[in-house]
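This report refers to the structure that appears directly beneath it.
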Amino acid sequence: MDTGVKKTGLRFYIRTFGCQMNVRDSEIISGLLTAESWQLTTNLGEADIIIFNTCSVRRHAEDKVWSEIGKLKKIQNSPIIGLVGCMAQAYKEKVFERSSRVDFVVGPNDIHKIPEIIKKVACQNMFVRKVWETNTRIRPEEIYHKGFYENREHAYVIISEGCSNFCSYCVVPYVRGELKTRPHNSILREIEEAIARGITKITLLGQNVNAYEDNGVNFIKLIELVNSIKGLKEFSFITSHPQDTTLDLFKAMRDLEKLKKYLHLPVQSGSNRILNLMRRGYTREFYLDLVNNYRKMVKDGVLSTDIIVGFPTEKEEEFQDSYNLVKEIRFNASYIFKYSPRPYTEAEKFPDDVSREEKERRHRIILELQKEISLGKK
Ligand code: SAH
Ligand code: SF4
Ligand code: F3S
């Protein structure tokens, strides 16, 4: 099949959905493609290749991707369309059943193969609509060293990929694989390379940064090493799982002068029964105690959280437990999500028995509360 795409000077457009990890992955993909002398464009209409780097974490995130792909019907030329990232891994061949516009599908651990795939489909006319790759377990380290950053001052640096926590509602371990930590030397080198390009601020990324371990270097040791990098002005990290968050971390946050005093500590629910069903591995009391220590040890520390409302079987009084927890802790910010069942997960088999209207009501109520807290009214 002739794709109508010229063989040199390809222009690619990339659209990112989901978390910061995906923002960084899109930079990595852009770095790989510009290394082939292809050109990044922000004009969808002139692109030869369109890449959607997708997210599967909630139903809503996926709906957005399908709707954006649907809108491509209006584009005059016929660009090659790739669906990559977490939805690619979750749906594989099924992507083609859902959309006749998608040409290739590549999972998050295989993004390093995208240039080769594009060469095959666009340049050599070896065109077949297919799932190219979704089987790699560990990404090659060199993809982190392509030096492509969207921002001039700030860079995201991935320290670990995947997650082995298997919270009952969460698709991440299935689409990103189990936890894999990057070698600390390579991480430090990546930061030094970024600094050489003018970057002064870094955010370290992992689904559960506190579980980091590489040859005797744990997360605390890693942030000490990062803190001592010359030319770095400030850095932070996301996300911390309460179960793996220790007082040592708070000490480091107190003492490391370049580390921002910002902690994102998702609680998910204020009810012990729901936390247990979510397989979070801690209780409300444990969480409160942790926050208490954080506030005592890290003066002026900023604290934010994630909460899921309408988890299967969540009763009104259990929702109130979450509400009261937010009220008691007075987070600087809370991100509230309506539960949606995700493929492969344990909770997918639970009854999704809180109605959409009720989820919306619970969502609105905590959002409103957080707004008042943030405005200092509560
Ligand atoms: N690794 C991070 C979060 C990754 S996902 C952590 O453990 O905290 C980001 C947020 O999406 C989660 O904290 C959770 O609040 C929300 N989330 C994940 N799966 C969800 C689902 N099935 N329905 C609704 N919200 C979900
Ligand atoms: Fe998902 Fe839980 Fe892992 Fe976070 S810790 S990515 S919520 S499984
Ligand atoms: Fe979404 Fe994948 Fe991130 S599911 S939240 S893009 S790890």
Next item on the list: Name every residue in segment 27-58 that is open to solvent by 50 Å² or more (accessible area, probe 1.4 Å), touching a strand residue (DSSP E or B) at 6+ places or on another chain (Cβ under 9 Å) and farther than 18 Å from Ile111 by Cβ, in order of residue number.
Entry: Gln39, Thr42, Asn43, Leu44, Glu46, Arg58
Checklist line | Selected residue (only one of Val354, Val326 is open to solvent by less than 20 Å² (accessible area, probe 1.4 Å) and part of a loop (DSSP other than H, G, I, E, B)) | finding: Val354
Check: Using beta carbons and a limit of 6 Å, which pairs, at least six apart or on different chains, have the first residue in segment 169-198 and without any contact (Cβ under 8 Å) to a residue 24 or more places away in the chain and the second one within 12 Å of ligand 3 (Cβ to nearest atom) and assigned to a loop (DSSP other than H, G, I, E, B)?
Finding: Pro173/Cys163; Glu178/Gly162
Notebook entry, point to check: Any idea which of Lys359, Lys296 is surrounded by fewer than 19 Cβ atoms within 10 Å (Cβ to Cβ) and either of a type in the set (Ser, Thr, Tyr) or away from ligand 2 (no atom under 16 Å from the Cβ) (or both)?
Noted result: Lys296
Checklist line | Residue satisfying all of: in segment 167-185; in contact with a strand residue (DSSP E or B) (Cβ under 8 Å, 6 or more places away or on another chain), near ligand 2 (Cβ under 10 Å from one of its atoms) and in a loop (DSSP other than H, G, I, E, B); most open to solvent (accessible area, probe 1.4 Å) among these | finding: Leu179
Notebook entry, point to check: Are any of the residues in segment 125-142 open to solvent by less than 60 Å² (accessible area, probe 1.4 Å), modelled with pLDDT under 95 and within 16 Å of ligand 2 (Cβ to nearest atom)?
Noted result: no
Checklist line | Residue among Ile199, Ile274, Ile195, Ile223 that alone is outside any helix (DSSP H, G or I) and at pLDDT 95 or above | finding: Ile199
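Hey, can you tell me all the residues within segment 77-95 that are under 17 Å from the mean Cα position of the chain (by Cα) and of a type in the set (S, T, N, Q)? Steps first, please.
Keep residues of segment 77-95 that are under 17 Å from the mean Cα position of the chain (by Cα), which gives 83-90.
Gln89, the sole residue that qualifies.
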Next item on the list: Please state which one of Ser236, Ser228 is hydroxyl-bearing (Ser, Thr, Tyr) and surrounded by 16 or more Cβ atoms within 10 Å (Cβ to Cβ).
Entry: Ser236
Check: Ile187 passes all but one of (1) in contact with a Lys or Arg (Cβ under 6 Å, 6 or more places away or on another chain); (2) away from ligand 3 (no atom under 14 Å from the Cβ); which number fails?
Finding: (1)
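The values are calculated or read from the model by the stated rules, or taken from the named source; none is laboratory data. Only a predicted model underlies this, so the values are computations on that prediction, with no experimental measurement involved. Note: ideal-geometry Cβ built from the backbone for every residue, glycine included; neighbour counts use all protein chains shown. Heads up: the accessible areas ignore ligands, DNA and RNA and are worked out on the full protein's heavy atoms, side chains in. Shrake-Rupley method; radii C 1.70, N 1.55, O 1.52, S 1.80 Å.
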